[in-house]
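I have placed the structure first, in the form of C-alpha cells, so that the comments after it can refer back to it.
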Amino acid sequence: MRGVVQWFAERMEDELRENDPKGGWHGCSYSYLCHKLLEEVGELVAILMDGENGNVTEEAADIANYAMMIADNACGPLPQAPSLLALKERRVR
C-alpha cells in the first residue's frame, strides 16, 4: 500500500474512533449519508476558500469516511476484510 494511502487511512480511522459513540452507519439511509458528505465538503471548502479556521486533513478524512460508509452500505458488510494478497489475486484474474 502506498505510504500516503496508509497515512490517510489512519486519519480516517482516527475520525471514526472519535465518533464511535454515535453507533455506526449501517442503519443510515443513503439520503442521510449523502447529506452529511455534502456538509463535510462544504466545511472543507470553507476552510480552503474562505479562510475559516479548521483542519484540512480532518475534514478530508470526514469526507472520505462518508464516501466509505456509502460504499460499505452499498456492498454490505464484509464478513472479514480480505488480505492484500487476496485482493491482488482477485485483480489478476
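Please treat every number below as a calculation from the coordinates, not as lab data. Values in this document were obtained by computation on a predicted structure and should not be read as measured data.
As a size descriptor, the averaged projected area of the C-alpha convex hull of segment 1-84 was calculated at 6.5 nm². One equal scatterer on each Cα of segment 1-42, no solvent, Debye formula: the resulting log10 I(q)/I(0) at q = 0.15, 0.18, 0.33 Å⁻¹ is -0.50, -0.69, -1.02. Using θ = phi - 60° in the Karplus curve 6.51 cos²θ - 1.76 cosθ + 1.60, the 3J(HN,Hα) couplings for segment 51-60 round to x, 5, 6, x, 10, 4, 4, 5, 5, 5 Hz; x is entered for Gly and Pro.
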